[in-house]
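Okay, so here's the structure we're looking at.
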Amino acid sequence: MTVLDASLIFAVGIGAGFINVLAGGGSLLTLPTLILMGLPSALANGTNRVAIIAQNITAIASFRNSGIFHWRLGIFLAIPAIIGSIIGSNLAIQLSDQWFNRILSIVMVLVLITMIFKPQKKLHHASINMTTSKRILLFFIFFIIGVYGGFIQAGVGLVIVTMLTLFTGLNLVHSNSLKVFIVAIYIGSSLFIFILNDQVHWGYGLTLAVGNSLGAIFASKFAIKKGEGFVRWVMIIAVVLMSLRLWFV
């Protein structure tokens, strides 16, 4: 890893951490950036997870210090997600670079559409309202989410928050606290699969993790009203350009 490479990864990490706090979807920048820098898709995928797990562990601590920590429900939903993530991670490792890059480019555009319309922000609930049938359905849903998270991960937070808000009755703050808890657990299991297959570039991953953390700190202090809107439009332009580039890699 050259100094220039490290600097670029660090800068992208800061941007992704900043975006994750204000708009969400930072992996839509970090994962394709790693691929376009020359890493094979599986190696880029595994490397990106080092930063994701570090960022989510930090977020868990923050929510817990604020008294928001639904660990029982989190563990219940993390179990199927772990199983799914192991399956998804193995699929990602076995898939050819060309096919993975094309799938990622399509996913990036679909997630971007979700980010623009933000359906989860139109949902407003206040308390947990769980039934046995909902628990069974959520168990299956989070298995599918785990498969997707293990395979690509990009944009999965938007799906998790939407599902939790719809099915549990939790408001967006509490749904986000559950999201970071569940993601941290299943990302740990998927990262283990990538490590076993020697698909993690630790230099890039740790540099990205530090950048993500700093970006999140900057974003938390970015107290201007149009901050999120500005970041979202930057994301739209960047994701569209990178998705087009990935299709022809």
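In segment 160-214, carbon and sulfur make up what percent of the accessible area (probe 1.4 Å)?
69 percent
Provide the gained length on full extension for the span residue 66 to residue 192, in nm with one decimal, where the gain is 0.36 nm per separating residue minus the Cα-Cα distance.
Working it through step by step, the gained length comes to 42.4 nm.
Please work out how much accessible surface residue 247 shows to a 1.4 Å probe, ignoring ligands, DNA and RNA, in Å² rounded to 10.
Counting only protein heavy atoms, residue 247 exposes about 90 Å² to solvent.
In nm, give the distance between the simple-model label positions of residue 217 and residue 137, each being 7 Å from the Cα along the Cα-to-Cβ direction.
Output for this residue pair reads 4.3 nm.
Send over a whole-number figure in Å² for the accessible area per residue of segment 27-112, probe 1.4 Å.
Numbers: 3560 Å² over 86 residues.
Here the residues of segment 27-112 average 41 Å² of exposed surface.
The values are calculated or read from the model by the stated rules, or taken from the named source; none is laboratory data. This structure is a prediction, so every number in the text was calculated from the model and none was measured. FYI the Cβ positions are ideal-geometry reconstructions off the backbone, even for glycines, and counts take in every protein chain you see. Heads up: the accessible areas ignore ligands, DNA and RNA and are worked out on the full protein's heavy atoms, side chains in. Shrake-Rupley method; radii C 1.70, N 1.55, O 1.52, S 1.80 Å.
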